[in-house]
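Written below as structure tokens is the structure these notes are about.
The values are calculated or read from the model by the stated rules, or taken from the named source; none is laboratory data. This one's a predicted model, so the numbers in the text were calculated from it and none came from an experiment. As a convention, Cβ positions derive from the backbone with ideal geometry for all residues, glycine included, and neighbour counts pool all protein chains shown. Note: accessible area is taken over every heavy atom of the protein model, side chains too, but ligands, DNA and RNA are not part of it. Shrake-Rupley method; radii C 1.70, N 1.55, O 1.52, S 1.80 Å.
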Amino acid sequence: MARARNIKNSFITQTPSPLFQLFSISPFTSLFLSPKKSPRSHQRLFTSQNFAIFFLSLLLTFTFLGVSVLNFIQSYQDPPPCSLISPSSQNPLSSNSAMLFASLASSNTYNEDDHEPAGLANSVLVPLPAQLVAGNLSKEEREFWQQPGSEGYKPCLDFSLAYRRKSAKISKEKRKFLVVVASGGLNQQRNQIVDAVVIARILEAALVVPVLQVNLIWGDESEFSDIFNVKHFKRTLQADVRVVSSLPSTHLMSRQSIENQLPYNISPFWIRARFFKQLNEEGVLVLKGLDTKLSKNLPPDLQKLRCKVAFHALRFAAPIQELGNRLARRMWIEGPYIALHLRMEKDVWVRTGCLTGLGLEYDEIIAKIRESQPEYLTGKLNMSHIQRRLAGLCPLTASEIARFLKALGAPSSARIYIAGGEPFGGHQALQPLAAEFPNLVTKEMLAQEGELSPYVNRSSSLAAIDYIVSLNSNVFVPSHGGNMGRAMQGHRAYVGHRKYIKPNKKAMLPFFEDSSISDEEFGSIIRKIH
């Protein structure tokens, strides 16, 4: 508990304080402000009846005083929680967007360029507004394009007073440094970067700009600054964690141990108990293999920090952001569109242990790769490919995703942006989908000559472009789980609850096998499941 001498004079105001008003309206005031009495009248004041009245008034005064002071201190220490906003009958899109900016307008970050506080609303990547769909559409088609309401939920980055008080020290840390090596694809790396910031905050350490490990599957050698805006990353987080570009010379060591055997679901308490003393003694801590290791159930301030990193601080590098925005506008200007994250790359089939749906020739190719590189197989070894599929562990094939979209009410004229890598089997793999939805678009089709040239063999940069175009879509559908789908689900909810449809494969695939069900009944079942 803070001592009285540490309390700042923010309690002092030019207008009469509530404490003074309490004194002024109480009978206790008469002892200070009443005119002088004669000795005789003074004796009459302390009769037994007057004494009882005086004692009762004094008790009531201090009761009200105590309650007022406690309420004042509580409201000063912790800002009120982000309240729910009553659902509006207005256009969900406009009300959700207004809600987003209103909720973030009061949260500021320091802008070192113009020395003015910049609202966090200016740093979040917000999609283009969803178009209102008009025309001769069926009920199912209208429902498919309709955006969900917010149900009153909005972004909340109101950090507690205790968090803000610690920030003054943590944001200036110069003795302890955390180095994190992030592996995997773009969105897997994003998750690890988010958790790296949170762990640096827990350990009260400065964070070195994360190191991106060379991707063994795609051979991408991109560094952090190739994909993300480093200056914006530092500036947005400077009130939370000090971010530096490299270790100072005083902390460089010829040999540094790397901690890469972290258990799953680690808590802030575990992190401090395991690493705080070591970091204080050595000055540097190197962590590797952070993916999904940090607990998803953190204290509110750390959960808010996660959102701040993911949706505000991790802005893509300017060239990527500008190109992604251009491609998104080219899709958007033509009307509403679906972003479909197809997980049909060769490595996905290898890792999941599933059949490609392209025939025996392609399945044998995948089986040989899987046998030669068994370490890539992440599917359950004790399950057959049929069991994996019915358990919802396999990506949807092109024919399955086509039937799924039709059942949901997507019109055959819908424009579909295909996000993801080159599908195994090329155009043949997409043929069943193109037969039902001929307006398929890829980034290669959207881009003008030379626009994608800087990103040849840069899979993370291409994935970032997919991310931007997908975020701007009216509807996002992943054909399989994964980091991209989860990141998009969170981001679309954060910026206004844009429609996101996750196929419930385990529930719906048995109906795909039932040939006795009519198309109308099948569509009704699929819409009910989702």
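Assuming R0 = 45 Å, can you tell me the calculated FRET efficiency for the pair Glu422 and Ser257, based on Cβ-Cβ distance, to the nearest 0.05?
Values: r = 40 Å, r/R0 = 0.88.
According to the calculation, E is roughly 0.70.
Using a 1.4 Å probe and counting only protein heavy atoms, arrange Phe144, Phe276 so the residue with the most accessible area comes first.
Putting Phe144, Phe276 in descending order of accessible area: Phe276, Phe144.
With a 1.4 Å probe and all protein chains left in place, how much of the accessible area of the range 161-315 comes from carbon and sulfur atoms, in whole percent?
52 percent
Sorted by packing (mean other beta-carbon atoms within 10 Å per residue), highest first, where do 203-211, 311-319, 127-135 land?
Working: 203-211: 21.6, 311-319: 19.9, 127-135: 14.9.
Highest-to-lowest ranking by the protection proxy: 203-211, 311-319, 127-135.
Run the accessible area of the range 320-373 with a 1.4 Å probe and give the carbon-and-sulfur part as a rounded percent.
Of all accessible area on the range 320-373, carbon and sulfur atoms account for 51 percent.
Can you tell me the FRET efficiency between Met445 and Lys277 if r is taken as the Cβ-Cβ distance and R0 is 56 Å, rounded to the nearest 0.05?
That gives a FRET efficiency of 0.50.
On a full-extension model of 0.36 nm per residue, what is the gain between Lys174 and Val244, subtracting their alpha-carbon distance, rounded to one decimal in nm? Walk me through the intermediate numbers first.
Details: separation 70, 0.36 × 70 = 25.20 nm, distance 0.98 nm.
Contour length minus Cα-Cα distance gives 24.2 nm.
Probe radius 1.4 Å, ligands and nucleic acids left out: which of Ser412, Ser470 has the largest accessible area, and how do the rest follow?
Listed by decreasing accessible area, they come as Ser412, Ser470.
From largest accessible area down, sort His232, His497, His530; use a 1.4 Å probe on the protein chains.
Working: His232 5, His497 45, His530 75 Å².
Largest to smallest exposure gives the sequence His530, His497, His232.
Given H placed on each backbone N at 1.01 Å, which residues far from Gly289 in sequence or on other chains put an amide H within less than 5 Å of it?
Placed amide hydrogens put Val181, Ser183 under 5 Å from Gly289.
Could you run the Karplus curve 6.51 cos²θ - 1.76 cosθ + 1.60 with θ = phi - 60° over the range 197-213 and give me ³J(HN,Hα) per residue in whole Hz, x for Gly and Pro?
Per residue, the Karplus-derived 3J(HN,Hα) values read 5, 5, 5, 4, 5, 4, 8, 6, 10, 6, 10, 7, 3, x, 8, 8, 6 Hz.
Expressed as cubic angstrom per residue, what is the convex hull volume of the alpha carbon set of the range 298-430?
Convex hull of Cα atoms, per residue: 199 Å³.
Compute the length gained on full extension between Trp270 and Ala134: take 0.36 nm times their separation in residues and subtract their Cα-Cα distance, giving the result in nm to one decimal.
43.5 nm
Rolling a 1.4 Å sphere over the protein heavy atoms, what is the accessible area per residue of the range 161-315, to the nearest Å²?
46 Å²
Scan around Arg343 for amide H atoms under 5 Å from its own, H built in the peptide plane at 1.01 Å from N, and keep only partners 5 or more places away or cross-chain.
When sequence neighbours closer than 5 places are left aside, the close amide H contacts are Ser479, His480.
Could you compute the FRET efficiency for Arg142 and Lys166, with r as their C-beta to C-beta distance and R0 at 45 Å, rounded to 0.05?
0.35
Please report, in Å, the Rg and the Dmax of the range 161-315, where both are computed over Cα atoms only.
When restricted to Cα atoms, the range 161-315 yields Rg and Dmax of 14.6, 45 Å.
What does the highest-first list of 397-407, 298-308, 257-267 look like by mean Cβ count within 10 Å?
In decreasing order of mean packing, 397-407, 298-308, 257-267 become 397-407, 298-308, 257-267.
Report, in whole Å, the centroid distance computed from the Cα atoms of the range 296-332 and the range 249-287.
Their Cα centres are 28 Å away from one another.
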